[in-house]
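Please treat every number below as a calculation from the coordinates, not as lab data. As the structure is a computational prediction, the values presented were derived from the model and not from experiment. Virtual Cβ from ideal backbone geometry, glycine too; neighbours counted across all protein chains shown.
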Amino acid sequence: MTVESIAAASAGTSLTSDVVGGGMYTGTAAAKDTASNTLDKQAFLELLVTQLRNQDPSSPMDSNTLMAQTTQMASMESLTEISTTSREAFALQMRASAAALVGQSVSYSNGTETITGIATSVSYAASVPTVTVGGKAVPLDSISTVSTTATTTP
């Protein structure tokens, strides 16, 4: 049984099938998820349930295969959680780095020249924090140099 035939059966799509020696069915229609080209946890479960529901009674799914697919699903779930956690940690790190720039002398390039000024505030409204330098919002990843401000004592 192919992934396309399982996905089509899950989606309720009818397939034109031909019996091929040994009782296997092959579909000619290709099922495609138009919303997304990636398989998420729900799609994986639907495929697995449909595969179990439509298996050949004379040749049921091997328990080792079922265990392997279940393990793959658990691994995929763990990798998704790790990816989400990494993304959140990186965003938090960017916010902390941007906040540490307030009061520092920073330099950035506007394409033609390098501008230096004091970072006065930080905004977290965009996906990349912006630092206000000389009244202009500069994305954190555009800042090229950071130095301490010189303080003079009278």
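Going by the alpha-carbon gyration tensor, a ≥ b ≥ c the square roots of its eigenvalues, is region 34-106 rounded (a/c under 1.5) or, if a/c is not under 1.5, prolate (a/b greater than b/c) versus oblate? Before the final figure, lay out the partial values.
Working: a/c = 7.91, a/b = 3.60, b/c = 2.20.
Since a/c reaches 1.5 and a/b is larger than b/c, the shape of region 34-106 is classed as prolate.
What net charge do the residues around Met94 carry, taking every other residue with its C-beta under 15 Å from that of Met94, with Lys and Arg at +1 and Asp and Glu at -1? Don't skip to the end; give the middle numbers.
Values: positive: Arg87, Arg95; negative: Glu88, Asp141.
Computed value for this residue: 0.
Which distance in nm do the two modelled labels at Asn110 and Glu88 give, with both placed 7 Å along the Cα-to-Cβ direction?
The modelled label-to-label distance comes out at 3.9 nm.
Using a ≥ b ≥ c from the Cα gyration tensor of region 92-154 (square roots of the eigenvalues), is it rounded, prolate or oblate, where a/c under 1.5 gives rounded and otherwise the larger of a/b and b/c decides, a/b for prolate?
On the way: a/c = 2.04, a/b = 1.29, b/c = 1.59.
Oblate, because a/c is 1.5 or more while a/b does not exceed b/c.
Could you give the length gained on full extension between Val146 and Gln72, defined as 0.36 nm per residue of separation minus the Cα-Cα distance, in nm?
On the way: separation 74, 0.36 × 74 = 26.64 nm, distance 4.58 nm.
So the chain would gain 22.1 nm between Val146 and Gln72.
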